[in-house]
Amino acid sequence: MNNSGTQDSTVVDIGRAMPSKQQFYQPELDLLRFFAFLMVFVAHTVNLPHFNWVFQAGGYGVCLFFLLSAYLIAELLMRERDSTQSVHVRAFFARRILRIWPVYFLVIGLGIGFGELVPVFHVPAQSIPWLLFMAGNFYVMHHGWTLNALGPLWSLSIEEQFYLAIPAITKIGGRRGLWFTACLCFPLAYGTLLWLGRTHASPSSQVWVNSLVQFQFFAAGTLLGLYFHERDWKLARWKRIGLVAASGVALAAGQKAIHLHQTAPLQASSLCLGYFVVLLCCTLLFLGVFRAQFHLPRVLGYLGRISYGLYVYQTFFLLIFLYGRHRVPGWQVLRFALLILILTIFISSLSYHFFERPFLCLKQRFTCINSTEITN
């Protein structure tokens, strides 16, 4: 009881320290979030002969997620620093905890519970400590892809790792501190890729989940946030369409040529080239949609807001529908994918309204800049 009382007191103190809220909402980011989820979803569910390389390129939606997240975090931190001349580090971590942890630990619990009932959901006991301490990607590096329904949590581990130091860096170093940190991530990422290529690491289970490799996408998002902070960005519609189309074609072509998700080792030069193409394509896709002036259908904005749940619940339905099937024949896979998508949206919506929303309301107490759509 004493511990609980102390914690409540801390929350109140942090909440009182926050200034009056400002509104910063970019609807196109919701569209990009949902598109990033769809990319990953297609990569997980669709497997068609002769076209598989196209769908597997959707796995890079995770990298787009990372870039989007970093852009938004950098923009919000800079706006907070502009308005308060500081960054509330404890409030930042309170927001991260209230947004990420409830669903994250719920999914771990569901995975363990289902794993006791259905073999296909089995979660290795040795993976639990890694997941609880936000190190799921390191577990995959050492033990391979054995997390089953909890597989998507590796990326959340990397995201939380990157944000451990960012608020303190912004508070102490401001814009220069963020610029330096982001720029440092690129030589670290490509130095790591060179080393992993020379040590014959598996592109799928060792390179892909390496924190330093993925930090380059957070770095790109951070630099975009810094560059566009108080800057405008206008492009003709045909140029935006061209950027989006070019990024999609290049991602698919890069996947066909290099196969970054394969298990057999790749040369260091191929790893560096492949990840540079992915980085460039994610940036171009972001720029093609960023600050576009269009009316976003409310359903797409809503799907973007629940994209976190979509991402972590999808594998549960994928395992259920593929249980006992080694392969779904031909184009029937599209019917399965559509059904899995509908059920994933349904469960994610329930989770958002009846489980996540109370935590999101509490999160508002620690929010200086509101980045979500204001709804009644």
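Values in this text are rule-based calculations from the coordinates and carry no lab data. From a predicted model like this one, the values you see are computed outputs, not experimental measurements. Heads up, the Cβs are rebuilt from the backbone with ideal geometry, glycines too, and the neighbour counts pull from every protein chain shown.
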- Ranked by how many other beta carbons lie within 10 Å on average, peptides 79-90, 49-60, 351-362, 231-242 from highest: 49-60, 79-90, 351-362, 231-242
- Gain in span if fully extended, Ser83 to Phe133, counting 0.36 nm per residue against the direct Cα distance: 14.6 nm
- What full-extension length gain, to one decimal in nm, is calculated for Arg176 and Leu300 as 0.36 nm per residue of separation minus the Cα-Cα distance? 41.1 nm
- Item | Pairwise centroid distance, computed over Cα atoms, of the stretch 236-265 with the stretch 185-219, Å | 19 Å
- Item | Theoretical ellipticity at 222 nm over the chain - DSSP helices of four or more residues, -39500 (n - 2.57) apiece, nearest 500 | -23500 deg cm²/dmol
- Message: Which residue, Asn52, Ile241, Ala252, has the largest displacement toward the positive end of the dipole of the chain when charges sit on each Cβ (Lys, Arg +1; Asp, Glu -1)?
- Response: Ile241
- Query: Taking amide hydrogens as modeled 1.01 Å from N in the peptide plane, which residues meet the under 5 Å criterion relative to Ile369, leaving out close sequence neighbours?
  - Reply: Gln22
- When the distances between all Cα atoms of the stretch 22-370 are binned every 20 Å from zero, what whole-number percent does each bin get? 29, 63, 8
- Message: How charged is the neighbourhood of Ser211? Take every other residue with its Cβ under 13 Å from the Cβ of Ser211, and add Lys/Arg as +1 and Asp/Glu as -1.
- Response: -2
